[in-house]
Structure formats: structure tokens, C-alpha cells
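A short reminder: the numbers here are calculations on the coordinates, not readings from a lab. Predicted, not measured: the structure shown is a model, and the values here were computed from it. All Cβ positions, glycine included, derive from the backbone under ideal geometry; neighbour counts span all protein chains shown.
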Amino acid sequence: MTNTTRPKVLFFDVNETLLDLTKMKKQVGKALNGREDLLSLWFTTMLQYSLVTTASGHYEHFGHIGAAALQMVVANNGISISEDEARDVIVNSLRGLPAHPEVKVALTQLKAEGYTLVSFTNSSNAGVKQQFESAGLTSFFDERLSIEDVGKFKPFTDAYAWAARKLNTKPEDCMLIAAHGWDVAGAMWAGWRAAFISRPGQQLFPLAPKTEIIESDLQKVADILVTYK
């Protein structure tokens, strides 16, 4: 039976979940000499090496990992780019991203219903602060959390445990809302509840626990959450 009790805290992933990455993909695609077919490989390489970094007991700025992953992908595809150029591409591409069209209305609805809203991202504190200011999302959130402060990337269980402690909340009272199957899987394996936003190109991991909410945008997720008691 689906749990329809209200979670105490809603945690939101940021990139792709709240923010539209179309602009970023175009800029990174340009750095890839127009090879937008390599964007997925770049992102999965970035995620892979963020996990390698954490598993090895180290921490590196997510943007730096993104730049390093870009260098690796271009090197394997006969494209030339310097370390500084790669970092500039990643940093600049993440600036000024707009929110998805339904996000502000959905957040307004959830906030009016008394939910505690917290952003929870692998990006840096400074980066998400700038993104929220640019997208006009700052006022919706009670708190912004970055794994920069714990030094372990999602989907490591320690990252979710840390976020729950920060909000003085038990794992079972936390819900992650995200557009990435790996993030949703990590949250549920950490004892959280989860809602998946099936943005284009995103899929749930078939071997993960069943997600209680699966919808195509945040407004549809919000419409369900406001019925919870």
C-alpha cells in the first residue's frame, strides 16, 4: 500500500529537476565541436568520477570533476581543449539556467501547504546560490544543502544521512524529489522516500526499490503531495 502520510521535509535535487539544462547542453555541445551525442557520455563520466573520488576517501569540487570528465571525453574523440577552457565551459554553462516552466507554481503550492522545502545538490554552495538567484528560486527554500559540506557525493548513503541530520529528521520522514534514477535509488536505499520526475531521457533504475510517486513534471508531483495527510 502506498504511503500517503506527509513527509516532514522535501529535499529537491537542482540540476534538471528544478533547472532546465537546455542552455548548458548547448554550450557543452559546442565545446564538443557540435557532438551533442557525446553529452550523455560526458555526464555519466562526471558522475562516475565523482563516485570514484568519494569511494577513495577524497573530495573534489563537482565543477572540477565535470571539467576533468570533459577533457577525458574530448581526448577520446579527437577534440582539443585545455584544462582552463574545460573549467570555463562547465562553470559558464551552469550559470543563468532558467527553472522549468512549472517549477515556481509547484513550489508555491507546496510551500503554502506547509511543507519544509530544502534543496540538496552535488554542486557547490556558491554555485547553487548563484543559480537560485538567477532563476528566482531563493525565496522558496527553507534551506540549501550542498554535499560540499560533508565531502561525499550523492548517491553515497552518508550524504543522505548527513542531510537528514542537518534537518533533525529521521530518514523515513525525508522525501527526495529528483529527475535522476541514480539519485532516487540512493535516497531509497538510505531509507528515504522518493518522487521521480521523468524528464526527457531520464529513467528509474530497475533494480532499485519502487518509487511511490512517478510523474512527468513537478506540478504533477505537487498535486499528489498536497493530498497527503
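Need the C-alpha centroid separation for segment 84-148 versus segment 24-81, integer Å. Centre-to-centre (Cα) distance: 21 Å. Computed from Cα positions, the angle between helix 157-166 and the longest principal axis of the chain comes to roughly 50 degrees. I need the Debye-formula profile for the chain: one equal scatterer per C-alpha, no solvent, reported as log10 I(q)/I(0) at q = 0.10, 0.13, 0.15, 0.17 1/Å, two decimals. The computed values of log10 I(q)/I(0) come out as -0.44, -0.75, -1.00, -1.28.
Relative to the longest principal axis of the Cα atoms of the chain, the long axis of helix 103-112 lies at roughly 30 degrees.
Using 0.36 nm times the number of residues separating residue 25 and residue 229, minus their current alpha carbon distance, what extension gain do you get?
Length gained, residue 25 through residue 229: 69.5 nm.
Here the spin labels are modelled as points 7 Å beyond Cα on the Cα-Cβ line, and at residue 212 and residue 158 they lie 2.9 nm apart. Between residue 125 and residue 80, the distance separating the two model label sites (each 7 Å from Cα on the Cα→Cβ line) works out to 4.1 nm. Placing +1 on each Lys and Arg Cβ and -1 on each Asp and Glu Cβ, with no other charges, gives the chain a dipole about its Cα centre of roughly 340 debye. Seen against the Cα atoms of the chain and their longest principal axis, helix 62-75 is set at about 40 degrees.
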